Amino acid sequence: MADRNYLGEAAAAAAFSSAPARGLSPPLGWKERLRAGLAGAGASLWFVAGLGLLYALRVPLRLCEHLAAVTGFLNSLTPKFYVALTGTSSLISGLIFIFEWWYFHKHGTSFIEQVSINHLRPLMGGTESSISEPGSPSNREGETSRHNLSECKVWRNPLNLFRGAEYRRYTWVTGKEPLTYYDMNLSAQDHQTFFTCDTDFLRPSDTVMQKAWRERNPPARIKAAYQALELNNDCATAYVLLAEEEATTIVDAERLFKQALKAGETIYKRSQQCQHQSPQHEAQLRRDTNVLVYIKRRLAMCARKLGRIREAVKIMRDLMKEFPPLTMLNIHENLLESLLELQAYADVQAVLAKYDDISLPKSAAICYTAALLKTRTVSDKFSPETASRRGLSTAEISAVEAIHRAVEFNPHVPKYLLEMKSLILPPEHILKRGDSEAVAYAFFHLQHWKRIEGALNLLQCTWEGTFHHVSVYPKKELPFFIHFTAGLCSSTAMIALLTHQFPEIMGVFAKAGPNSHPGAVKISRTSGTTTDLLNRNLHFNKIPRLSYAHI
């Protein structure tokens, strides 16, 4: 354990020395401090002015008489009223709590909180101005948020499996659905974005496919794809749908994708010739480009799964060279995995040098592949006992730092690589730096870590020695209003129960509330029975007799 702690301290020191200070916000300027002070002073002045106006109008408004009337009304209430009041309050708060719980589990947020933020706050003037001066703190925070936006949104998994040939096989064996409804809904949105455009009405087959991508039932989508092929035998998107969802083997999927490629290239060349005629033709070209790139990428993945890895690498390199702007598909992550399978580590390093850039979004594949290459140079001779005696060499420190950076980016990956958590089928969409990305990475890259002797040992030593507590991200917490309504429901129910069991004593406390302020010496109406009962109990316990004025 001491050896692991030693490695952890070395890694932490190296990372701390090279990492910039984060979380420090620049001090506010005098304008911001003055504005904040005036805002606080204005609220206090309004409060004082309201109290003064209320005091000045106490005589015309007959506030004392009204207060006395309210006090008399409250003193005249019977315990049955308080039982009914607390019971009704408990019922209402319980209904609010049940509704809040249901809304939170369905939408992941509090209904009351959403209403207060989206509707009440703008009416009360709580909306902040979106216009800021260049170089101001708010503008810098906006740039930081835009820089981190790529890590917060959901990304399509570049190594997602085939629904018919792989996900459905899992369903046949286990009888369970491997994909969630949310994941499939995101995929449907992606398909409508990539494979449809405003000019679909010009081609009847594309009109049918536009409806097919919106279908939630797989048999209905497959049926619509066959209808599109009846209208046009060269409908590339229909072949894509059949290859993804109807084909039960990778060989069948590859055959359908080859038919889709033939049709897609013909349509793409035709769109290139007409792209400058109108904006509609430009949109059609973008759609046909997306279809062609998607088909070639999936063909490369079919070749990778069937063992023709060099062919897959060639297709991916040609795609990245021919369509460099389409980095959103993350084809370089497919290329990295294929090159690791070929053990072409020099080529892997060349790809990392191009895409492991500060201006490009990071991913677990990039960070952990970089750590794997650094680890490969020292892992076969690495020993914690030897390192604790002589210290870490320069190459070992570099490997530990690389692992440190990777784990900082996504701390969930080591548990899957070290097989401390069971692997499941990767989803079609991932959240970067989350558990879903860790599953997707480890599902394909665990074999590459096992192939390098000692790599997992060095990963385990660095991870256990440095990262003792790993937070669960993302974590869904209950909103404040659910806790509030639960407490309100419980407290009112308890009060209702006490009032029902001890109506006279609870009535005494309820009537004493409005007259508990200093100077109140008597109550307009008393209950002799309750007074005698309390005084008898107090006399029995040898406590001085009390009147309502003392309660």
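Tabulated data for the structure shown
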| item | result |
| --- | --- |
| Number of positions in the range 346-377 that are over 32 Å from the mean Cα position of the chain (by Cα) and open to solvent by less than 30 Å² (accessible area, probe 1.4 Å) | 0 |
| Selection count, the range 224-262, where residues are part of a helix (DSSP H, G or I) and closer than 14 Å to THR207 by Cα | 11 |
| Residue, modelled with the lowest pLDDT, within the range 445-480, restricted to residues that are of a type in the set (Phe, Trp, Tyr) and surrounded by fewer than 19 Cβ atoms within 10 Å (Cβ to Cβ) | TYR473 |
| Filter result (touching a Phe, Trp or Tyr at 6+ places or on another chain (Cβ under 6 Å) and among the small types (Gly, Ala, Ser)) within the range 334-364 | ALA364 |
| Enumeration of residues in the range 378-411 that are buried (at least 22 other Cβ atoms within 10 Å of the Cβ), more than 23 Å from LEU329 (Cα to Cα) and under 21 Å from the mean Cα position of the chain (by Cα) | VAL407 |
| Out of LEU292, LEU336, LEU299, LEU306, sole residue that is touching a Gly at 6+ places or on another chain (Cβ under 9 Å) and either free of Cβ contacts under 8 Å to residues at least 60 places away in the same chain or open to solvent by 60 Å² or more (accessible area, probe 1.4 Å) (or both) | LEU292 |
| Check on SER150, at pLDDT below 55, closer than 27 Å to ARG214 by Cα, open to solvent by less than 90 Å² (accessible area, probe 1.4 Å) and in a helix (DSSP H, G or I) | yes |
| Only one of LEU53, LEU74 that is open to solvent by 90 Å² or more (accessible area, probe 1.4 Å) and either more than 28 Å from GLY487 (Cβ to Cβ) or modelled with pLDDT under 75 (or both) | LEU53 |
| Cβ-Cβ under 8 Å pairs, at least 6 apart or on other chains, the range 374-394 side small (Gly, Ala, Ser), far side part of a loop (DSSP other than H, G, I, E, B) | SER379/ILE452; SER379/GLU453; SER379/GLY454; SER393/VAL378 |
| Condition met for GLU215 (among the acidic types (Asp, Glu), in contact (Cβ under 8 Å) with a residue 40 or more places away in the chain and open to solvent by 10 Å² or more (accessible area, probe 1.4 Å)) | no |
| Residues (free of Cβ contacts under 8 Å to residues at least 60 places away in the same chain and closer than 25 Å to GLU428 by Cβ) located in the range 244-267 | VAL251, GLU254, ARG255, LEU256, PHE257, LYS258, GLN259, ALA260, LEU261, ALA263, GLY264 |
| Matching residues in the range 77-100 - criterion: being exposed (fewer than 13 other Cβ atoms within 10 Å of the Cβ) and not in a helix (DSSP H, G or I) | THR78 |
| Selection within the range 168-182 - open to solvent by less than 80 Å² (accessible area, probe 1.4 Å), out of contact with any helix residue (DSSP H, G or I) (no Cβ under 9 Å at 6 or more places or on another chain) and assigned to a helix (DSSP H, G or I) | THR171, THR174 |
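The values are calculated or read from the model by the stated rules, or taken from the named source; none is laboratory data. Here the structure is a predicted model, which is why all the values come from computation and not from measurement. Positions of Cβ are generated from backbone atoms using ideal geometry, with glycine treated the same way; all protein chains shown enter the neighbour counts. Note: areas computed on protein heavy atoms with side chains; ligands, DNA, RNA excluded. Shrake-Rupley method; radii C 1.70, N 1.55, O 1.52, S 1.80 Å.
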